[in-house]
């Protein structure tokens, strides 16, 4: 969680320093929930994280360098500059890169789970996250329904951080609470306080376990508050002070830190040391990646097909004339 | 033994299922029912567990196919009508088409689109969407016009590592028959000279190929020899064959069942104008459907899209220029 | 110590600029890396610009309440060598990465749109290609003709079957195929060159005026001269003298400008195998006839042998041609494409001439002088005056 938070902070500062092209999206406030998903999954499972799942990615095993390289546009990153920021992943390793259309990744995880079933691979789970905004899309509906019909081992985590960009819950859904949708789909619901790491670990562990054991799709709804803008370009002025000071608005990192200290699992110096180590790791990664070159437009093959022999040349042969 | 275009598609799917354990079929009513057009008749029984019924969720259907493809499978997705692929459009163009370019992991899905109009089918059961999909990089778009091509090109589509939009024509399903299945085929991406000629080139694809051939037959009686090119695949489009034909005849008429704006006919003419300008002895012409939604009433429908009749008129007009 | 710029960051997807509303740090103060130093406001939010590194703020280029575009340099921070290394700025590649590569897509603040009147490049109404009366040559025709080295003049004999009578590629190929049935020989390079020159010349409106010229004086002068000059040279010298008085008539019209001849260099036509060569006598107005004879004869010989040096041809402003040597009394030669005038000399004939003094017809030798000219440059009057002047000069050959 801490590593993810430090990474986020660094990306934000690089963004403000004009070093990052395009948008920066942070998971500030969502670390406890996200890391619990990543930790509950195993190698061999499938994970399609969403925008604020930096912590979950790290827990699942995504290297820090992947994040830094994708944000800084290094040609050595997993997306090779062809996509950026949170649109990153390693599909062959079970980490699916998102596309921007919310809800779209759920059915893709379903398909992967179907494939594993065809192969008679047992005991695996597919997890994906959306925000409460994502639950409004048709894609979400179709995919959850599909997973339920096929009784797939899907864990669908909904992080209700109270705002979809600037849209509050009251303009996003009208049901009493999101978990109630589970009945409509015929799946199991779980509810959790997203600010409490201990609860998150427990709930996600349970949900993933049930899916793995054949319990069908599990809908986990977590309540928390988004502690940053929708993106770093957004100052989130629409989030009221009242919300920020409520229980919902607690910083899960602080909550976890206090718990650590209370339980004597670490002392203040130890916590400082954790942070220092995280900062060092991130700084080293950034320093390394800042030396790396971006993709060379003149060396790109500019071919979107795997079947090279079927691709067409539309431009005149001079590469300098057309990027 | 003779088989229809539809049966050829069924045979191809059977062969794909039999030859490659990674192939499965997913779509609405494809299982025991055998598909709305019976394109998958008996396949669920022959290949248990590999022909799955989907809910009415085109987005989720395509999405699931993509997920399975990432895991190494080669799904064939049947959209009930091309017109209904639009709810799944996002997954096709933003996910399937971009996956390889973004991640280097290919997406070998085949999306079958029953396309084109039949009398009385109306605005939402008649569309030809090849140009819309062809516009997006990362997709292959096929438009087989013959029974043989329906068979061999579908097999090829399954074998290709990229997402293929397979536009099969509903009118041809039952109206086109062949004696037997082919044992070999032209490579995908190559157009075919369906009829050799001298005075004018008609470039067509899918059902319009047959209208063009009928028009050519009629005009042969007047001493005009029309060359007809069957594009077979829209993307990639075999510009070389088209240009070579225009080199022979000097006159080009491009015919398509879809709408004019930005359609296949526009693309063909753009290519010939750019690469074969000096071959044109007259301005290139095109014939498309009228720029309105496809009408339901047979009388309206009969003039809405090109027919042998209107093709003859257009060809005559071009010859007079 | 190294100076690094404080850059206005990308603040949102559609944000192009922001206004500085507060400086949180003063110049000269120390700052930590990523510390907020300037507050800026966009139309969506208030945000902070942070320091690109740990060091001392050197200066602020930005002013309070002014707007700056994304990517603009707002000031500088001076950083230590270790900090330079820590930030990875010691490599040349990363130095370029400091300023975001917004390129030409960033709109400059305060750049007012230059209002320009857009002029269409092609005026007039487009005419449908197949409309009656509108004829065109297709790209294929043009390409084929280029390939064969043909021009529209070569198609004069082809009746077109296309819209508005245009020649289609089928008409053309049929025409060519038909030609194959006739006896065909190759035209020499000279022939093709002359054909090209005449075709180009003919694109102008050419007219001809003529005047019968008494040759008695000329013939008498010639009889008494050594070496002897031919009648063409007399005519050339007379033309030179006449043009020296008014060279504008030999000028060329290009657009609305008359290009005046730089010097009275006159050419004369010599028939060579398969064509005509035109050697040139330079500054023919300056040297008298007697001095031109030698050079003239030399050039004629060289021309006949096709051994004319390059500097002996080209650059003449008018040409003289003696078609009389073929026995012709009348002809309308075509001026060279780069010239406005050609003076022609017909064969001398004995004709009766009314002698006013004697009151009777007397036999005289008379030859026609013709002047073909580009009617865009001069009219019949000027042409007539020039020709009359030449004829008059030929009555006093001793002055030439």
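Since every read-out is calculated from the coordinates, none of them should be taken as a lab result. The shown structure was predicted, so the numbers you read here are calculated from the model rather than taken from an experiment. We place every Cβ from the backbone using ideal geometry, glycine too, and count neighbours over all the protein chains shown.
Key figures for this structure:
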read-out	value
Proportion of all alpha-carbon pairs of the range B:187-304 beyond 16 Å (%)	59 percent
Alpha-carbon spread of the range B:1-98, three principal axes, descending order, Å	43, 28, 21
For the range C:205-399: span of alpha carbons on each principal axis (Å, largest first)	52, 38, 32
With eigenvalues of the C-alpha gyration tensor scaled by 5 and rooted, the range A:1-94, Å	21, 16, 9
Cubic angstrom per residue, convex hull over Cα atoms of the range C:286-400	150 Å³
q = 0.28 Å⁻¹: log10 I(q)/I(0) that the Debye formula gives for the range C:139-184, counting C-alpha atoms only	-1.19
Residue exposure sequence - C:67, C:138, C:225 - by fewest surrounding Cβ within 10 Å	C:225, C:67, C:138
Chain B: antiparallel DSSP beta bridges as a percent of all, rounded to 5	20 percent
Highest-fluctuation residue, B:265, B:241, B:40 considered, GNM on chain B with Cα pairs under 10 Å	B:241
Histogram of C-alpha separations across the range A:200-323, 10 Å bin width, %	9, 16, 21, 23, 17, 11, 2
Per principal axis, descending, Cα span of the protein assembly as shown in whole Å	149, 92, 45
Cα pair distances in the range A:58-183, grouped into 10 Å bins until the bin that holds the longest one, percent each	12, 36, 34, 17, 2
Distance between the range A:1-76 and the range A:165-223 - C-alpha centres, whole angstrom	22 Å
Dimensionless Rg ratio for the range B:167-241, taking C-alpha atoms and the 2.2 N^0.38 Å reference	1.17
The range B:125-188, relative contact order in percent, only Cα pairs under 8 angstrom and at least six apart counted	37 percent
Cα point-scatterer Debye curve for the range A:74-136, base-10 log of I(q)/I(0) at q = 0.24 Å⁻¹	-1.05
Chain B: equivalent-ellipsoid semi-axes (sqrt of 5 x gyration tensor eigenvalues, Cα, Å)	33, 20, 18
Neighbour-count order for C:357, C:26, B:190, A:181, fewest beta carbons within 10 angstrom listed first	C:357, C:26, B:190, A:181
The range C:236-339 - share of DSSP beta bridges that are antiparallel (%, nearest 5)	75 percent
Percentage relative contact order, the range C:205-399, counting C-alpha pairs under 8 Å, at least six apart	31 percent
Per-selection Kirkwood Rh - the range B:81-146 (Cα, Å, 1 d.p.)	12.9 Å
Solvent-free Debye scattering, log10 I(q)/I(0), computed from the Cα coordinates of the range A:130-268 at q = 0.13, 0.14, 0.19 Å⁻¹	-0.64, -0.73, -1.13
Choice from A:197, A:227, A:50 showing the highest fluctuation, given a GNM over chain A with Cα pairs closer than 10 Å	A:227
Alpha-carbon centroid distance for the pair the range B:1-75 / the range C:197-269, whole angstrom	92 Å
Reciprocal of mean inverse Cα separation for the range A:162-214 (Kirkwood radius, Å)	13.0 Å
Rg followed by Dmax, in Å, when chain A is reduced to its Cα trace	20.5, 68
Estimated FRET transfer efficiency when R0 is 35 angstrom, pair residue A:288-residue C:3 (beta carbons, to 0.05)	0.90
Chain C: most fluctuating residue of C:84, C:332, C:168 per GNM, C-alpha cutoff 10 Å	C:84
For chain A: relative contact order, % (alpha-carbon pairs under 8 angstrom, 6 or more apart)	21 percent
Percent of beta bridges antiparallel (DSSP, the protein assembly as shown, rounded to nearest 5)	50 percent
Exposure proxy order (Cβ contacts within 10 Å, fewest to most) of B:107, A:303	A:303, B:107
For chain C, alpha-carbon Rg relative to the globular expectation (2.2 N^0.38 Å, N residues)	1.86
